[in-house]
Amino acid sequence: MPILAAIDVGSNAMRLALAAVDNERHITPVEVLRESVRLGQDAFTTGVISERTMDTALEAFQRFREAIDSHGAKWTKAVATSALREALNSELFLDRVQQGAGIEIDVIGTEEEARLIHAAVTQRVDLRNHLAVLVDIGGGSTEITLASDEGILSTESYRMGSLRLLRTLGDDARSEPHVHQLIQEYVDATQRRIRRELGGRKVDLCIGTGGNMEALGDLRRQELGRDRDTVLSLDELKTLLKRLRNLSYEERVQQLRLRPDRADVIIPASIIIQKILQLAGVDELTIPRVGLKDGILADMVEELYGERKTLRRDQIIASALQIGRKYQCDEQHALTVSRLAVQLFDRTRELHHLGLEHRLLLEVAALVHDIGGFVGATDHHKHSQYLLQATPIVGLTKEQMAIVSNTARYHRKSLPKPQHEFYRALPSRDKVVVSKLASLLRLADAMDNEHASKVLEFEVEYRKPRFSIRLRGDGDLLLEKWAMTKKAQMFEEVFSVKVSIIE
């Protein structure tokens, strides 16, 4: 059985999980190591990782390397989150670890972090027929993810990790009683955004991940005499939080046997999860006792068996649809345009010469091209781009999102111009891709000009330079044909053809 090694480079600690995977794709833990290196203590105060912390971290990575080698792990994947996303000297840190321990670290964005956490949770919790809110409280940030059996619907990152709160509110926070109230007020300030993300929907499950959540599960069994550490009611959380607040930092270490690097951050983490439970209207927290490292392992297994691409497509489409619902766009129109755009893509391969990745990006752009109408009907194509710049689709990279947002922006009105800011920022090859995809999207959007899904089928014929399209569907389709004639200019310029709509 191959041995896999997953490393979570967090803000409060670093973790290595070694596991074996068999032919049935079952993951069996082999060893888990944890190193108490607080990268966030530097990153969230001075903005850089100090030399002393770098040395301590490198020693920890060298111990990880020894464990990896001793178990004969053939594949190692390491990811870092908020501390290294924000540290100004993160590149130096990454190079130091690469050179000194032979471990390459990938600094991931918040959407990828949420996807990996979701992958870990679904290994333990059945989300079928449930709407769940996943809360991962790290040292630097809290990720709140709305998920169902469709996958991740939306995710939002909040700069209120447990360690960050302590650093923000004072180095001596753990000995100052008034700081607890400050933390409460800080969390309260984010509740409007959290409530908006939930959108008034009925949440069935609240699932908490991260070391603080597991510590609360342990305290439930230890202090409240319960027999399980995988659930925690809201009333039990309030009881534990009251007890934690009544103890000094030293007493939390001695009497509750909390690790020193857990005893200070557990109070802000508890306040955060209490507030989220209340906002979600859920009176019990599920603690699956998995974390980012488990999501990395699950992801590695998917890649090992060639499943990741298929799974990610489902996730991407689910996320795009949720964004459309969030911004109240016409979903039936979006689905119709998406269907027509993909069909047009398939039937014009000899013109565009693009691949399956671009096919998916066109499908996604079609699903979200009208979300700008949430801001206003006038110039809604521009608003769509701004919203997509600020609302990433789970499963897409920044580069792919740039293609999607630009494609959506050019589904109407002006053609791409060098002075357009977001278009100008694209690499030359992606500018060509956007022009091709937007050309296809314009024609597909025109086919559903009335938002009535009247076009059921169409045929194309290409005899250079003539490109002919025949529509089939309900009624005479006069408005659709007129709209296609009006919106054919970009297609004609990009592909050097003359478009004709034939009867």
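Take residue 85 and decide whether it is surrounded by fewer than 22 Cβ atoms within 10 Å (Cβ to Cβ), under 24 Å from the mean Cα position of the chain (by Cα), outside any loop (DSSP other than H, G, I, E, B) and at pLDDT below 95. Considered against the rule, which asks whether it is surrounded by fewer than 22 Cβ atoms within 10 Å (Cβ to Cβ), under 24 Å from the mean Cα position of the chain (by Cα), outside any loop (DSSP other than H, G, I, E, B) and at pLDDT below 95, residue 85 comes out as yes.
From the list 296, 271, 276, the lone residue that is under 30 Å from residue 357 (Cα atoms), of a type in the set (Val, Ile, Thr), touching a residue at least 24 places away in the same chain (Cβ under 8 Å) and assigned to a helix (DSSP H, G or I) is 296. Report whether or not residue 368 is closer than 28 Å to residue 429 by Cα and free of Cβ contacts under 8 Å to residues at least 40 places away in the same chain. Against the criterion (closer than 28 Å to residue 429 by Cα and free of Cβ contacts under 8 Å to residues at least 40 places away in the same chain), residue 368 does not qualify. Considering the range 90-104 alone, what residues qualify as being surrounded by 19 or more Cβ atoms within 10 Å (Cβ to Cβ) and not hydroxyl-bearing (Ser, Thr, Tyr)? Hits for the range 90-104 are 93, 94, 97, 101, 103. Considering the conditions (1) part of a loop (DSSP other than H, G, I, E, B); (2) surrounded by fewer than 19 Cβ atoms within 10 Å (Cβ to Cβ), residue 290 is excluded by exactly one of them, (2). Reported count of residues in the range 33-60, each being in contact with a strand residue (DSSP E or B) (Cβ under 9 Å, 6 or more places away or on another chain), in a helix (DSSP H, G or I) and over 17 Å from residue 18 (Cα atoms), is 4.
Being farther than 19 Å from residue 303 by Cα, of a type in the set (Lys, Arg), out of contact with any strand residue (DSSP E or B) (no Cβ under 6 Å at 6 or more places or on another chain) and not in a helix (DSSP H, G or I) holds for only one residue in 128, 96, and it is 128.
Quick grid of which residues meet (1) under 21 Å from residue 351 (Cα atoms); (2) assigned by TED's automatic domain parsing to the domain that holds residue 354; (3) outside any strand (DSSP E or B):
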{"residue": "399", "(1), (2), (3)": "no, yes, yes"}
{"residue": "403", "(1), (2), (3)": "yes, yes, yes"}
{"residue": "408", "(1), (2), (3)": "yes, yes, yes"}
{"residue": "411", "(1), (2), (3)": "yes, yes, yes"}
{"residue": "437", "(1), (2), (3)": "yes, yes, yes"}
{"residue": "450", "(1), (2), (3)": "no, yes, yes"}
{"residue": "461", "(1), (2), (3)": "yes, yes, no"}
{"residue": "480", "(1), (2), (3)": "no, yes, yes"}
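The set of residues from the range 389-412 being touching a residue at least 40 places away in the same chain (Cβ under 8 Å), closer than 21 Å to residue 357 by Cβ and of a type outside the set (Ser, Thr, Tyr) comprises 392, 393, 394, 395, 396, 398, 400, 403, 404, 408, 411.
Counting the residues of the range 369-397 that are under 18 Å from residue 312 (Cα atoms) and in a helix (DSSP H, G or I) gives 0. Filtering the range 236-280 to residues that are at positive phi and surrounded by 21 or more Cβ atoms within 10 Å (Cβ to Cβ) leaves nothing.
Can residue 470 be described as surrounded by fewer than 21 Cβ atoms within 10 Å (Cβ to Cβ), in a strand (DSSP E or B) and either under 32 Å from the mean Cα position of the chain (by Cα) or at negative phi (or both)? So residue 470 passes the test. Quick one: which residue in 252, 220, 243 is assigned to a helix (DSSP H, G or I), modelled with pLDDT of 90 or more, charged (D, E, K, R) and closer than 24 Å to residue 120 by Cα? Residue meeting the stated conditions: 220. A single entry from 347, 359 fulfils the requirement of being at pLDDT below 95, closer than 26 Å to residue 468 by Cβ, charged (D, E, K, R) and under 25 Å from the mean Cα position of the chain (by Cα): 359. Among the residues making up the range 455-488, those that are aromatic (Phe, Trp, Tyr) and closer than 12 Å to residue 443 by Cα are 458, 482. Annotation: of all residues in the range 303-320 being buried (at least 17 other Cβ atoms within 10 Å of the Cβ) and in contact (Cβ under 8 Å) with a residue 60 or more places away in the chain, the one that is farthest from residue 375 (Cα to Cα) is 312.
The lone criterion from (1) in contact (Cβ under 8 Å) with a residue 24 or more places away in the chain; (2) surrounded by 16 or more Cβ atoms within 10 Å (Cβ to Cβ); (3) in a helix (DSSP H, G or I); (4) not acidic (Asp, Glu) left unmet by residue 63 is number (2). Answer yes if at least one residue in the range 425-433 is assigned by TED's automatic domain parsing to the domain that holds residue 348, part of a helix (DSSP H, G or I) and in contact (Cβ under 8 Å) with a residue 40 or more places away in the chain, and no otherwise. Scanning the range 425-433 turns up at least one residue that is assigned by TED's automatic domain parsing to the domain that holds residue 348, part of a helix (DSSP H, G or I) and in contact (Cβ under 8 Å) with a residue 40 or more places away in the chain.
Of the residues contained in the range 134-142, none is found to be within 23 Å of residue 19 (Cβ to Cβ) and either in a helix (DSSP H, G or I) or modelled with pLDDT of 95 or more (or both).
All of (1) within 16 Å of residue 340 (Cβ to Cβ); (2) at pLDDT below 95; (3) surrounded by 13 or more Cβ atoms within 10 Å (Cβ to Cβ) hold for residue 445 with one exception: (2).
The values are calculated or read from the model by the stated rules, or taken from the named source; none is laboratory data. As the structure is a prediction and not an experimental result, all values here were calculated from the model. Every residue, glycine as well, gets a Cβ built from its backbone with ideal geometry; the counts of neighbours run over all protein chains shown.
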